[in-house]
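Please treat every number below as a calculation from the coordinates, not as lab data. Just so you know, these numbers come straight off a predicted model, no measurement behind them. Note that we place each Cβ from the backbone using ideal geometry, even for glycine, and neighbour counts take in every protein chain shown.
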Amino acid sequence: MKIAVLPGDGIGVDVTAQAVKVLRAALGSTPCEFSHGLIGGAAFDATGDSLPPATIALVKGADAVLLGATGTPEDEHRLPSEAVGRSTLRLRQELGLFANFRPAYLYPELIGASTLKPEVVTGLDLIILRELNGDVYYGEPRGIATDSTGQRFGFNTMRYSETEVERIGRAAFEAARRRRKKVCSVDKANVLETSALWREVMTRLGLEYPDVALSHMYVDAAAMELMRNPTQFDVVVTGNIFGDILSDAAAMLTGSIGMLPSASLGAGRKGLYEPVHGSAPNIAGKNLANPVAAILSGAMMLRHSFSMEDAAAQIEGAVGRVLKDGYRTADIYEPGTRKVGTREMGERVAEEIQQTV
């Protein structure tokens, strides 16, 4: 087993260290090689490239990739094409990863940490399946130009092919077959031609999965329904930009974005596993970040890239027991629970696994 570890920037360094600690505990004596590489601002500072050739070679030679987070405060003053945070998009494209699974599960112990009423979020267990390799994030042409009057304007291209929609659609239907057999396809077909094609392809594809209930929803309505009645959803499949937004909204249903892991998969077994949150440079290195999303991303790695279901479930169970014992990082802290730091949370999960081995 070869795992490429890319801590990246900000709290990515903090949480990835805890995810590796927990993975080692879960793997026990299973032979595994962890190799570290640079990405994002850390890579740019060292090499002048936010995704250097050495990192590309490392991830292509690995069986799976564990990523922390990318992005620096300087990105706010750069064009999107020049931001070091874009290295994550480049990495996904290099590996041909098109299906981004973002499960949103509410641990019963964190019902009070959610900003929604308990009766609304109790039983939350859904997946936002975000298409990852197309849409407006990658479409060409793009840029900033000047018209004949001297007025500057920015432009981006939203584009999807039938093949791209069909492959993410199949991933959604197959995932739903392993769950509660419901797919909600989210688009903006009443406004966008891209979405009109998306809905047409999804409808046609749904005929091949008669055992799965397919519904369609406009993205604005889906955002509202996530707040109003989130437990109605099982698998939500949508495009890149809509999925980016909706999954962050879904993260808050669980109590904190620090609880949301993700798996980015392609045609094979290799995957990229990362917490949904960003680099949060304001709390980096202060032992404040919640490592649970990174830890659960490691569990998804064991499940999807290595078919180690027992080890994955062991990590998830350990997280649940630590939460049940009252341990909380600052983002999910409530009166009556015990506030701990990033390292302490990781250590508690690792110790919980070791006690059950």
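What the table below lists for this structure:
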read-out	value
Within the chain: Cβ-based charge dipole about Cα centre, in debye rounded to nearest 20 (Lys, Arg +1; Asp, Glu -1)	520 debye
For G271, distant residues with modelled amide H under 5 Å away	V65
Of all DSSP beta bridges in the stretch 115-253, antiparallel share, percent nearest 5	20 percent
Using a Förster distance of 45 Å, the FRET efficiency for Q232-E140 (Cβ separation, nearest 0.05)	0.75
Spin-label model distance (nm) - A249 vs R343, 7 Å beyond Cα toward Cβ	4.0 nm
Compactness relative to 2.2 N^0.38 Å, alpha carbon Rg of the stretch 244-303	1.19
Globularity index of the chain, i.e. its alpha-carbon radius of gyration over 2.2 N^0.38 Å	0.98
The chain - share of DSSP beta bridges that are antiparallel (%, nearest 5)	40 percent
Modelled FRET efficiency - R0 45 Å, L207 with T356, Cβ distances, 0.05 increments	0.50
Packing rank of 62-75, 40-53, 137-150, where each peptide gets the mean count of other beta carbons within 10 Å, highest leading	62-75, 40-53, 137-150
The chain - mean residue ellipticity at 222 nm from DSSP helices (-39,500 (n - 2.57) per run, n ≥ 4, rounded to 500)	-12500 deg cm²/dmol
Three principal axis lengths of the stretch 115-253 [C-alpha, angstrom, descending]	56, 39, 23
Per-residue Cβ neighbour rank within 10 angstrom, fewest leading, M300, M308, M224, M345	M224, M308, M300, M345
Sorted by Cβ density within 10 Å, fewest first, the residues Y218, Y160	Y218, Y160
Partner lysines for K270 [C-alpha distance under 25 Å; skip if fewer than 8 residues away on the same chain]	K2, K21, K60
Label point distance in nm, R90-T157, each placed 7 Å from Cα along Cα→Cβ	2.1 nm
